[in-house]
Amino acid sequence: MRKLLKWTGIILGGLLLVVLLSSWILSRKFLKESEKTYQVDLAPVAIPTDSASLERGLVLSVSCRTCHDADLAGKVFFDDPTIGVLPSSNLTRAKGSETEGYAAGDYVRALRHGLNKAGHPLMVMPSESYTHLSDQDLGSLVAFLMTLKPVERTFPKRKFTYMAQVMAGAGLFGDLYPYHVIDHDKARNITAPPIGPTEEYGAYIFSIGGCKTCHGEHLGGGPSPDPASPVVPNVSVSGNPGKWTAAQFVQVFRTGTTPEGKQLDGKFMPFPGIGALQDAEIEALYHYIRTLPPAPQPK
Ligand code: HEC
Ligand code: HEC
């Protein structure tokens with residue numbers, strides 16, 4: 001009996017050690033990644049100064065405000081006691097902020113390649129979508145950001161619970177560093193089709209809007225890697241959008257309310273960024289989605 005207890009103790013102790021050790025390895029793997037430094041070959045982007053381009057940059061910056069706050073000076077946009085605290089960065093180049101001393105090229109590195117000025121990979125910042133911005137749109141956006149009045153703000157630093165570090169290291173939240181999924185060779189000299197309610201232009205808005213990141217490769221939806229998010233719906237033609245007219249589709253993005261009367265949560269479904277675009281641009285997205293095969297309903 002004693003012998004049995006002893007052996008059970010040794011086996012359980014051994015198992016515990018293995019679990020502790022592997023969880024520690026996973027958490028280190030996750031934390032170490034943001035300390036790595038990557039170099040990319042930055043292609044220059046022309047930064048315009050005319051008022052039409054600055055106005056376009058302002059419109060494109062609406063999509064940044066969900067995470068970087070209404071004035072773009074940054075905020076904690078994720079705070080969950082079981083997971084941790086995730087702040088965005090201050091984009092106003094204020095003293096002591098992440099973007100202090102940022103030049104145009106530093107914004108390009110962040111948006112196209114998912115790296116901060118020092119070359120560390122940015123976490124959760126959706127560069128995998130913004131990497132598709134045309135030179136013209138990206139230039140306009142950066143031009144607008146560089147006109148922002150510096151706003152000094154302090155907010156808590158990034159912090160993850162041990163459990164979240166282990167889960168992230170095991171890949172349970174998906175790849176949190178867009179740098180890894182970006183095709184860096186393609187992130188240069190990008191042109192967009194002319195603005196109009198066309199499938200081609202819709203494909204452009206679809207790529208910069210990151211629809212696939214959340215709605216899935218075939219837009220069929222399913223559970224979100226963000227544990228706080230509602231289930232992501234099917235937005236292919238086999239889902240609700242297949243029943244909407246182009247005008248109704250545009251209204252969904254403008255108002256966040258669907259024809260079925262559902263109020264979308266702008267924190268999880270970033271409709272305001274697309275809703276700030278011109279009617280023709282949102283309509284283009286509608287036409288593009290109609291060219292894609294219907295997704296099977298999520299189980
Ligand atoms: C889903 C939330 C989210 C959205 C939307 C978003 N960002 Fe970010 N962004 C972040 C987070 C989080 C960080 C900080 C990441 C880090 O430090 O690892 C960040 C960092 C950045 C940085 C790097 C600053 C630094 O720390 O050096 C820039 C530049 C930036 N964002 C610009 C933008 C712009 C411009 C937009 C809109 C076109 C935008 N972001 C939209 C979450 C977001
Ligand atoms: C950050 C994740 C995310 C991104 C990016 C995203 N969505 Fe969504 N979307 C959601 C979530 C979550 C919901 C459900 C929101 C709710 O229930 O409040 C949703 C809801 C919708 C709905 C409403 C569907 C219905 O049946 O009510 C449509 C339409 C939609 N998304 C289209 C798009 C398109 C088109 C894009 C790309 C331009 C896009 N979404 C990008 C997460 C996302």
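Before moving on, here are some points about what is shown:
- Computed E for LYS29/ASP279 - FRET, C-beta separation, R0 41 angstrom, nearest 0.05: 0.35
- Difference of contour (0.36 nm per residue) and Cα-Cα distance, LYS95 to ASP175: 25.7 nm
- Inter-probe distance in nm under a simple model that places probes 7 Å from Cα toward Cβ, at HIS184 and LEU16: 4.4
- Heavy-atom accessible surface of region 199-289, averaged per residue, reaches 45 Å², computed with a 1.4 Å probe.
- Length gained on full extension, LYS262 to ASP79: 63.3 nm, using 0.36 nm per residue less the C-alpha separation.
- Pairwise FRET efficiency - ALA46 versus THR245, Cβ, R0 = 51 Å, nearest 0.05: 0.85
- Relative contact order for region 90-188: 37 percent, from Cα pairs under 8 Å spaced at least 6 residues apart, divided by residue count.
- Portion, in percent, of the accessible area of region 199-289 that falls on carbon or sulfur, probe 1.4 Å: 58
- Between the helical axis of 199-208 and the longest alpha-carbon principal axis of the chain there is an angle of about 40 degrees.
- Model label sites at LYS117 and THR37, defined 7 Å from Cα along the beta-carbon direction, differ in position by 1.5 nm.
- When the GluC sites (Glu not before Pro) in region 30-93 are filtered for DSSP coil states and for at most 14 other beta-carbon atoms within 10 Å of their beta-carbon, the remaining sites are GLU35.
- Rounded Å value of the spacing that divides the Cα centres of region 150-211 and region 82-126: 12
- Projected-area average for the chain over all orientations - Cα convex hull basis, square nanometres: 19.3
- Accessible area of region 51-180 belonging to carbon and sulfur atoms, whole % at 1.4 Å probe: 59
- Classification of region 79-119 by its C-alpha gyration tensor yields an oblate form. The axis ratio a/c (a ≥ b ≥ c) is 1.5 or more, and b/c is at least a/b.
The values are calculated or read from the model by the stated rules, or taken from the named source; none is laboratory data. Only a predicted model underlies this, so the values are computations on that prediction, with no experimental measurement involved. No Cβ is skipped: glycine too gets one built from the backbone with ideal geometry, and neighbour counts run over all protein chains shown. Areas reflect the complete protein model, heavy atoms only, side chains present, ligands, DNA and RNA absent. Shrake-Rupley method; radii C 1.70, N 1.55, O 1.52, S 1.80 Å.
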